[in-house]
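Here is the structure we will look at, set down as structure tokens.
The values are calculated or read from the model by the stated rules, or taken from the named source; none is laboratory data. Nothing here was measured: the structure is a model prediction, and the numbers come from that model. Glycine also receives a Cβ, built like all others from the backbone with ideal geometry; neighbour counts cover every protein chain displayed.
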Amino acid sequence: MRELLGKFPVKTVLAVDGGASKADVALVDVEGRVHAAVRRRGRYNFGLGSNGSLDGLARAVEAVAEGTAATVGVFCLAGADLPLDDRRIIAELARHEWARRTIVRNDTFAVLRAGTDRKWGVAVVCGTGMNCAGVAPDGRSVRFPSFGELSGDRAHGGGWLGRSALGAAIRARDGRGPRTLLEQLVPAYFGMSRPTAVMEAVYVGKLSDSRLNEVAPLVFKAAAEKDRVAQQMIDEMADEIVANAGAAIRRLHLSRSDVHVVLGGGVLRAAGPELVERISTGVRASAPRAEVRRLEAPPLVGAALIGLDALRASPQARQRLRAKLTHRRLTAP
């Protein structure tokens, strides 16, 4: 890597997108060339008490940078929810000297920047959890804490969807709720015969609670079979996405603008067009000119673009980056 960088004596960006299930890391230069890119599976949430994530991130960064400090390091991380988180994470990163200048953002900002050629707009991420952030044309920004029920979140992402699916299956089995296909789908996914068997496995520690996140696709499967219980869950989640986007739009005074609303995260990537249309209709009820779009590029592209913005890179460099830093590049062996 040092030899390679010697051939390109230009400014560089160390870009990181870290979330609940993986971290993507890339080293790019001011011309938009991708020098290296890696994906590491694991939990990379940097909320309070999650400092162990930094050890795993260090291995990913070292695989890309090989000891060379970048001009700018952009770390878009799950768990960077409050200003105090930003300060804490910056202090932790400074000890590693991975970059001469360090920028820390919540991972939602990476989704936003990756999903639009503008530097402003609104993004909602719906993966394991849910979060929303927005940036106005003048640079003002808003974000939400995303602490689940503690911060007023409802129907907040795939984790909620998975736990709700198990709950609905149990209620269907014991008579407290309506019948649903989830009564069979959820236990079958874990190789069990009854919903209560899944509950008991989680209770005694044989099955990690986090594995309920994997159930979210089953809710979409059941809804596709006209299961009303599953569809109600999806509708509730869609309404929460609309509530988040609408709040960000209003707080930034963008209701009359042609604001781009970018949808990202694993749940929204897997969702059908009906969910996206429901969200679009809900957003346009309060912001008629809004354009809702689903993110196709890796969020890491957004982290890298934030770095290129800081370096005042050319439009051609940004286009080159988008063309080269793809899902295929990150998943290549």
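Testing D24 on (1) closer than 16 Å to A304 by Cβ; (2) in contact with a helix residue (DSSP H, G or I) (Cβ under 9 Å, 6 or more places away or on another chain); (3) part of a helix (DSSP H, G or I), one condition comes back false. Which one is that?
(3)
Criterion first (closer than 22 Å to D309 by Cβ and in contact (Cβ under 8 Å) with a residue 60 or more places away in the chain) does T102 satisfy it?
Numbers: closer than 22 Å to D309 by Cβ: yes; in contact (Cβ under 8 Å) with a residue 60 or more places away in the chain: no.
In short, no.
Under 9 Å between Cβ atoms, which residue pairs at least 6 apart in sequence (or on different chains) link something in the range 156-183 that is under 12 Å from M237 (Cβ atoms) with a partner that is part of a loop (DSSP other than H, G, I, E, B) and at pLDDT 95 or above?
Within 9 Å, the pairs are A165/T180.
Does A238 satisfy the condition of being crowded, with 20+ Cβ neighbours inside 10 Å, within 28 Å of the chain's Cα centre (by Cα), modelled with pLDDT under 95 and closer than 29 Å to P273 by Cβ?
Values: crowded, with 20+ Cβ neighbours inside 10 Å: yes; within 28 Å of the chain's Cα centre (by Cα): yes; modelled with pLDDT under 95: no; closer than 29 Å to P273 by Cβ: yes.
No.
Does L305 satisfy being more than 22 Å from V142 (Cβ to Cβ) and in a helix (DSSP H, G or I)?
On the way: more than 22 Å from V142 (Cβ to Cβ): no; in a helix (DSSP H, G or I): yes.
No: the conditions fail for L305.
Are there strands (runs of 3 or more DSSP E) fully within the range 92-153 with at least 3 residues that are surrounded by fewer than 14 Cβ atoms within 10 Å (Cβ to Cβ) and in the same structural domain as A80 (by TED's automatic domain parsing)? List them.
Values: elements: 99-106, 121-126, 130-135, 141-143.
By residue number, no strands (runs of 3 or more DSSP E) qualify.
Only residues in the range 117-143 that are farther than 23 Å from N45 by Cβ count as the first member; pair them with residues that are in a loop (DSSP other than H, G, I, E, B) and of a type in the set (A, V, I, L, M), Cβ under 7 angstrom, at least 6 apart or cross-chain, and list the lot.
Listed pairs, sorted by first residue: W120/A136; G121/V259; A136/L252; A136/L254; R140/L252.
Being small (G, A, S), part of a helix (DSSP H, G or I) and either modelled with pLDDT of 95 or more or in contact with a Leu (Cβ under 9 Å, 6 or more places away or on another chain) (or both) narrows it down to one of A317, A287, A313, so name that one. Full working, then the answer.
On the way: A287 fails: part of a helix (DSSP H, G or I); A313 fails: part of a helix (DSSP H, G or I).
Answer to the check: A317.
Does V261 fit the bill of being in a helix (DSSP H, G or I) and in contact with a Lys or Arg (Cβ under 9 Å, 6 or more places away or on another chain)? Spell out how you get there, then give the answer.
Details: in a helix (DSSP H, G or I): no; in contact with a Lys or Arg (Cβ under 9 Å, 6 or more places away or on another chain): yes.
No; evaluated as a whole, the condition is false for this residue.
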